[in-house]
1. Can you go through 44, 59, 24, 49 and tell me which one is more than 30 Å from residue 720 (Cα to Cα) and at pLDDT below 90?
2. Across region 125-180, what is the number of residues that are more than 27 Å from residue 56 (Cβ to Cβ) and either among the small types (Gly, Ala, Ser) or in the same structural domain as residue 677 (by TED's automatic domain parsing) (or both)?
3. Kindly provide the set of residues from region 432-460 that are under 24 Å from the mean Cα position of the chain (by Cα), within 19 Å of residue 196 (Cα to Cα) and of a type in the set (A, V, I, L, M), ordered by number.
4. Within region 679-731, which strands (runs of 3 or more DSSP E) (wholly inside it) include 2 or more residues that are in contact (Cβ under 8 Å) with a residue 60 or more places away in the chain?
5. Would you check which residues across region 528-559 are assigned to a helix (DSSP H, G or I) and of a type in the set (A, V, I, L, M) and list them?
6. Quick check on my filter: what residues within region 62-82 are hydrophobic (A, V, I, L, M, F, W, C), farther than 23 Å from residue 122 by Cα and in a loop (DSSP other than H, G, I, E, B)?
7. Is it the case that region 199-220 has a residue that's surrounded by 16 or more Cβ atoms within 10 Å (Cβ to Cβ) and free of Cβ contacts under 8 Å to residues at least 24 places away in the same chain?
8. Would you point out which residue out of 533, 529 is in contact with a Phe, Trp or Tyr (Cβ under 9 Å, 6 or more places away or on another chain), in contact (Cβ under 8 Å) with a residue 12 or more places away in the chain, over 23 Å from residue 505 (Cα atoms) and of a type in the set (S, T, N, Q)?
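The values are calculated or read from the model by the stated rules, or taken from the named source; none is laboratory data. The shown structure was predicted, so the numbers you read here are calculated from the model rather than taken from an experiment. All Cβ positions, even for glycine, are placed from backbone atoms using ideal geometry, and neighbour counts span all protein chains on display.
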Amino acid sequence: MDRRDFIKATSGLIAGAAALPAHAQDAPPGRIVYPLNRNWRFSATPSEAGRASRFDDSAFARVTIPHANIRLPWHGFDEKDFAFVSLYRRRFKLPPGLKGRHVFVDFEGAMTASTVFINGVKLGEYKGGFTPFSFELTPHIDWDGENVLAVELDSTERADIPPFGDRIDYLTFGGIYREVSLRVVSSSFLENIFAVPKDVLNRPSVDVTCFVQHLAASRPMRLDVTLLDGDKVIARAGKAVDASAANTEPAPHRVTLSNLPKITLWDLDHPRLYTIEVKLTAQGQLIDQDHRRIGFRQARFTDRGFELNGRIVKLRGLDRHQTFPFIGQAMPARVQRRDAQILRQNLKCNIVRTSHYPQSRHFLDACDELGLLVLEEIPGWQHIGDKLWQDLSVDNVARMIRRDWNHPSIILWGVRINESKDNHDFYVRTNAAAHALDPTRQTGGIRWFQESELLEDVFTMNDFDFPLKPPNHSLYLNTEFVGHTFPTKTIDNVERLTEHTLRHARTHDQLASNPQYAGGIGWCAFDYNTHGNFGSGDHVCYHGVMDMFREPKPAAGFYKSQCEPSEEVVLEPAFHWAIGDQSIGFSKAVVSSNCDHLKFYIGGKPVAEADPDRVQFKHLKYAPFVLELPVDINKWGDLRIEGYIGGKLAITRNYGGAGVDKKFALIADDPALIADGADTTRVVFRVTDAYDAILPFADGAIRFELDGPAEIIGDNPFALVGGTGAIWIRAREQAGVARLTAHHPRLGRQQVEIRISEAVPEAV
């Protein structure tokens, strides 16, 4: 594979540009990107014969990308269940009039090693599960007939590929789990675009580097660059391009847009996005066209902390694994974007770390739109392999940066293997690669010991101790704490859930005490699947402030409570209110809230008042409330908590004291899907008291019936965990209405309807 084929040019169908030979004038001009996600055939038992174009694959399963090579229960499975070699096949026929152009197949992610064939011809093997790769198909295309693309996918943990070689604390589920497309271009085309805003606080401009690939000598060309605010043109500029000779590497050409009027900065609360549009022409004829979204912002770590657009922002966030129950990593755009929404809008985080690998572009797109900062890092976990392994890691740095360098949300490149030992020569290479490709962003490298050699720009440190170690470098960011040392389940006792919440609060309080702590990223957002020698013995790490189904534990309430009341008034107890063994002797109550005073009532009678605990939490703007709550087990009743701001009642929360399952709720994240065979939404089910508070000791198996053009991803029946759970509904390729009916053994049934609309057919 040619090294330049790093990057998928774009997604969807793009009318770009091409200089067409005479026989191709009936084809649409320019770049064309054909989605290639439906109508794949899949077999878990590949054979050499399956690589051939004439092989009969009619007995293979028909699947849609993103695809997991096996469906699993959410826990208690064998981690070897998905570690096998499989075969994917896709037939396609190109529209007439394209002969003479170049055809590439672009894979966004396949786990773990992909050997690609076209019409029986082996194109090569790509080693890596988290970064994009491409192969050119042109020499082997049948322009008049059917073509067969075959991928032999090795989903085992191979020691020659990062992150493997030793044990890792996460699972790499098999399958072509990110999108695939065909890219049709002229012999000269835009290989990539890198837009760099300059001097954004004073006189904004933007340097746009256009990487132009010439597979053959061509006539003189021109680049024209336009900055757009929606449909409004902000600025234009251009330059001539020498295309007199073929080049083995894309040639960079810089165009600067200066004196930009009335630019709105990209910021946390107002993440304004613009579009850079680039056209490549020859004698007025369109050759290629592409675009990127950008944001104007200044982001840097300083000895006073992290600075965004000239002001200090204390970073407060969580680490994210991109995996989901039942289906691993094979979730489409809608579900990937939902995680960003949960982190920013529900948990009120301002930063996320993509632990421990580059994650879906859809997730990053949502971070751009929501104002969620990102620390993105290369694949790895503690182990460093041999020279060839390290070469692949350096290549991962390049692929990650070249894919994602236009995202304004990304503020730091993670160029070190998570929690690895020092390796001077290796990390000199990863840092050099990052700085050469993107001199605008600082680098970091996640380590677990302060004596580590600092080759990066920012000392990024996993510190699970408390108190935290004081910063030993002027640029210092804590990137993991709490979760690994204090895993917590939704069904744990009150004391453990309370302590889990307090540990996150104590850590952030210390981080707030010293400006040289740029902030902290807690371990972690969501529970995740892992190897059997980690976690709780059921292949789950319960390290999250939310469970695997994205349902909150009490510690999630602490993160939520750190927002301003003008955004949302928050009041989240870190305890159950349910009579039983867990509540006998229960006295210390912890509540996460951004109110300034709380009042407590049991059975309608006032029993306590409290202010934020400023003794234990001296530095948090919104400290938790910690108080002795007088509970008489013989006079148990409903609990009411009132939150006051400035002496005025701002919020009231009620909790039933009877310990009786009263309600059964069924809630879909989205009311509508697209009938493309991949679009998916979560459906949450909860057993609650009369006030809609989840009852953590509610059990029973929820049974589902689904009518309509969709399928269930999840257990059926589903045994409640902590009074709640979730499944996912995936659309099939037919429009209609999907009706999901859930049956509770005592509380009856609930139903949700999801409208499924027609999808645009794939063109090839």
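1. Numbers: 44 fails: at pLDDT below 90; 59 fails: at pLDDT below 90; 49 fails: at pLDDT below 90.
Of 44, 59, 24, 49, the one residue that is more than 30 Å from residue 720 (Cα to Cα) and at pLDDT below 90 is 24.
2. Counting residues in region 125-180 that are more than 27 Å from residue 56 (Cβ to Cβ) and either among the small types (Gly, Ala, Ser) or in the same structural domain as residue 677 (by TED's automatic domain parsing) (or both) gives 5.
3. 433, 434, 437
4. Where strands (runs of 3 or more DSSP E) fall fully within region 679-731 and carry at least 2 residues being in contact (Cβ under 8 Å) with a residue 60 or more places away in the chain, they are 680-688, 724-731.
5. Filtering region 528-559 for residues assigned to a helix (DSSP H, G or I) gives 554-559.
Residues satisfying the conditions are 555, 556.
6. Those that are hydrophobic (A, V, I, L, M, F, W, C), farther than 23 Å from residue 122 by Cα and in a loop (DSSP other than H, G, I, E, B): 68, 70, 72, 74, 77.
7. no
8. Working: 533 fails: in contact with a Phe, Trp or Tyr (Cβ under 9 Å, 6 or more places away or on another chain).
None of the others qualify; the one that does is 529.
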